[in-house]
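Structure first, commentary second.
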Amino acid sequence: MNLKQYNNKEIKLIDIDDQVFQGICIFEDKDTYDEDQDGLSVKIGYDWVKIFENEIKSIEVI
């Protein structure tokens, strides 16, 4: 899944637990952040929620 295409876009993301996250997101490269997988951080109110690639069920640009 090419998560970089969603960088700085408003998205609606559904994770594998059927939780819905909606907001502006930032792409987080696994090499830059020393992680096992790429991820997206979604701004929810004043907080950011990081969701890794293997936890994503679907993404939609809104």
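The values are calculated or read from the model by the stated rules, or taken from the named source; none is laboratory data. Note that the structure is a prediction, hence the values are computed from the model and not measured. Glycine gets a Cβ as well: all are built from the backbone with ideal geometry, and neighbour counts include every protein chain shown. To get the accessible areas, we keep the full protein, side chains included, count just its heavy atoms, and leave off ligands, DNA and RNA. Shrake-Rupley method; radii C 1.70, N 1.55, O 1.52, S 1.80 Å.
Below are the figures for this structure:
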{"quantity": "D_trans [Stokes-Einstein, Kirkwood Rh over alpha-carbon pairs] for the chain, 4 °C, 1.567 mPa s, µm² s⁻¹", "calculated": "114"}
{"quantity": "Residue-normalised accessible area of the chain, given per residue in Å² at a 1.4 Å probe", "calculated": "68"}
{"quantity": "Charge dipole of the chain about the Cα centre (unit charges at C-beta), most positive-ward option of V49, I14, I62", "calculated": "I62"}
{"quantity": "Within the chain, GluC sites (Glu not before Pro) in DSSP loop having at most 14 other beta-carbon neighbours inside 10 Å", "calculated": "E35"}
{"quantity": "Neighbour-limited loop hits for chymotrypsin sites (Phe, Trp or Tyr not before Pro), the chain (at most 13 other Cβ within 10 Å; DSSP other than H, G, I, E, B)", "calculated": "Y33, Y46"}
{"quantity": "The chain - percent of accessible surface contributed by carbon and sulfur, probe 1.4 Å", "calculated": "42"}
{"quantity": "FRET efficiency, D29 to V49 (Cβ-Cβ, R0 22 Å, nearest 0.05)", "calculated": "0.80"}
